[in-house]
């Protein structure tokens with residue numbers, strides 16, 4: 001290939017040789033990341049349109065339009081991250097923010113007398129996106145990253161690893177999170193030990209598919225097979241296709257003990273086509289900005305601001321720690337990286353979707369060797385293709401047992417950062433520990449980080465070591481305390 005060939009151009013722009021990677025590795029890493037997060041393409045429109053809920057909620061948003069908006073916003077934000085910051089971190093509308101959008105913001109807008117609740121909610125997301133952008137341009141979010149101690153940064157990486165693994169185990173059905181209510185004389189109480197428990201029914205097709213994928217991926221990883229996570233996902237998908245064909249040939253098997261009530265029967269469907277036409281007009285530029293700045297809606301702007309700032313910081317630091325991007329406890333080009341989700345959120349609101357943030361599933365691509373923006377560029381291209389090839393993506397993304405093994409394995413790999421925490425200094429390791437356990441137990445990166453960000457300067461101050469925390473740590477802790485005391489409890 002000539003020096004001016006596409007591979008050499010990509011190699012120079014993304015500095016592949018300097019980062020110890022190749023174009024093939026980066027593309028495979030991008031495909032891996034995309035497959036582990038492809039569920040958002042269908043889950044996001046299902047949530048925002050209301051069909052996800054039982055019974056369905058009439059939000060007024062069009063499913064196909066939201067799906068197109070989700071793909072376009074994810075592609076744009078990830079491309080900005082890839083080309084401007086040159087990091088292998090993917091962006092898409094965030095989980096958590098989408099439920100807040102439907103279950104809190106739209107009802108609040110309706111309660112305030114606004115007839116177009118979802119348009120008001122899009123306006124709230126748009127304004128919060130502009131604030132994200134302003135904080136990024138001013139360097140505030142980069143200052144937050146730089147103020148975090150090395151032990152806290154590693155604690156964040158471990159916490160995110162535990163969170164990823166927990167999501168994978170939960171998606172597979174191995175870990176159950178439904179609580180049991182026990183009636184007593186004093187009223188109903190939660191049965192101890194049942195908030196999180198092991199699924200004892202191992203002989204179910206969902207768990208068998210999950211264990212197949214987990215063992216295959218783990219063995220390939222131990223044998224250092226390149227693209228082990230991707231090969232595991234593809235092999236598990238082929239297994240599910242074979243099972244689906246078997247069920248079509250013998251429908252009576254659906255009532256068997258192995259198959260009855262399984263997600264495979266309820267969720268997995270063979271692709272009925274290859275190409276589908278996108279739609280965008282129903283949600284395009286439909287946000288109501290005037291209503292979004294009303295007194296009723298302003299608190300939600302603050303909540304979205306908090307969630308996106310700390311979700312992105314947590315994911316960015318956690319994945320960067322895993323990939324070895326941090327230099328002298330700082331992330332090069334951090335401000336560029338932080339601009340991408342702000343651009344994605346603003347654009348996403350214009351297109352018709354909720355807050356865009358960095359996805360923890362990016363760790364899957366990093367574990368497969370992704371080290372540059374070429375990984376992200378691959379993800380962005382696949383999101384664009386998904387607009388037209390949604391039937392194929394739906395087949396993989398709609399059945400959690402296919403991608404759950406990848407999340408569990410990646411979570412395990414991220415726990416290596418626990419040995420980098422200064423366990424001999426309790427003023428460092430206790431806030432790091434609170435962050436580690438807070439992220440998975442609160443089921444929120446933002447809330448888990450808040451526990452660490454509040455406790456870190458307080459412990460330093462009260463133990464007579466106030467100067468070891470930066471002034472910015474105290475400012476962030478004070479802001480978070482005000483937020484949790486006065487803003488969060490109202491919603």
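Tell me which residues, restricted to the stretch 248-292, are surrounded by 17 or more Cβ atoms within 10 Å (Cβ to Cβ) and more than 30 Å from residue 130 (Cβ to Cβ). Can you show your working first?
In the first step, residues of the stretch 248-292 are kept if they are surrounded by 17 or more Cβ atoms within 10 Å (Cβ to Cβ); the result is 259, 262-265, 268, 276, 279-280, 283, 286-288, 291-292.
Matches in the stretch 248-292: 259, 262, 263, 264, 265, 268, 276.
Report yes if some residue within the stretch 122-138 is over 16 Å from the mean Cα position of the chain (by Cα), more than 30 Å from residue 473 (Cα to Cα) and modelled with pLDDT of 95 or more; otherwise report no. Break it down stepwise before answering.
Here is the first cut: in the stretch 122-138, the ones over 16 Å from the mean Cα position of the chain (by Cα) are 122-138.
Adding the requirement that they be more than 30 Å from residue 473 (Cα to Cα) leaves 122-123.
Keeping just the survivors that are modelled with pLDDT of 95 or more gives 122-123.
Yes, the stretch 122-138 contains at least one residue that is over 16 Å from the mean Cα position of the chain (by Cα), more than 30 Å from residue 473 (Cα to Cα) and modelled with pLDDT of 95 or more.
Please specify each residue of the stretch 221-230 satisfying the condition of being modelled with pLDDT of 90 or more and not in a loop (DSSP other than H, G, I, E, B).
Residues of the stretch 221-230 that are modelled with pLDDT of 90 or more, as a first pass: 222-223.
Once the filter is applied, which keeps residues that are modelled with pLDDT of 90 or more and not in a loop (DSSP other than H, G, I, E, B), the stretch 221-230 yields only 222.
So, of the residues in the stretch 20-41 that are outside any helix (DSSP H, G or I), over 17 Å from residue 225 (Cβ atoms) and touching a helix residue (DSSP H, G or I) at 6+ places or on another chain (Cβ under 9 Å), which turns out to be modelled with the lowest pLDDT? Break it down stepwise before answering.
Narrowing the stretch 20-41 to residues outside any helix (DSSP H, G or I): 20-22, 38-39.
Within this subset, residues satisfying the condition of being over 17 Å from residue 225 (Cβ atoms) are 20, 38-39.
Within this subset, residues satisfying the condition of being touching a helix residue (DSSP H, G or I) at 6+ places or on another chain (Cβ under 9 Å) are 38-39.
Details: 38: 86, 39: 83.
Only one residue tops the list, namely 39.
Going by the structure shown, is residue 51 surrounded by 20 or more Cβ atoms within 10 Å (Cβ to Cβ) and over 17 Å from the mean Cα position of the chain (by Cα)?
Details: surrounded by 20 or more Cβ atoms within 10 Å (Cβ to Cβ): no; over 17 Å from the mean Cα position of the chain (by Cα): yes.
The answer is no for residue 51.
Look through the stretch 143-173, keep the residues that are surrounded by fewer than 21 Cβ atoms within 10 Å (Cβ to Cβ) and more than 17 Å from the chain's Cα centre (by Cα), and return whichever of them is nearest to residue 415 (Cα to Cα).
This residue is 150.
Within the stretch 118-133, track down each residue that is farther than 13 Å from residue 348 by Cα and either touching a strand residue (DSSP E or B) at 6+ places or on another chain (Cβ under 9 Å) or surrounded by 24 or more Cβ atoms within 10 Å (Cβ to Cβ) (or both).
Within the stretch 118-133, 118, 120, 132 qualify.
Based on this model, can you work out whether residue 243 counts as modelled with pLDDT of 90 or more and under 23 Å from residue 36 (Cα atoms)? Spell out the reasoning first.
Values: modelled with pLDDT of 90 or more: yes; under 23 Å from residue 36 (Cα atoms): yes.
Yes: the conditions hold for residue 243.
Can you work out which of the residues in the stretch 235-282 that are without any contact (Cβ under 8 Å) to a residue 12 or more places away in the chain and not in a helix (DSSP H, G or I) is farthest from residue 171 (Cα to Cα)?
So, considering only residues that are without any contact (Cβ under 8 Å) to a residue 12 or more places away in the chain and not in a helix (DSSP H, G or I), the one farthest from residue 171 (Cα to Cα) is 250.
The values are calculated or read from the model by the stated rules, or taken from the named source; none is laboratory data. Worth saying up front: this structure is predicted, and the values here are computed from it rather than measured. FYI the Cβ positions are ideal-geometry reconstructions off the backbone, even for glycines, and counts take in every protein chain you see.
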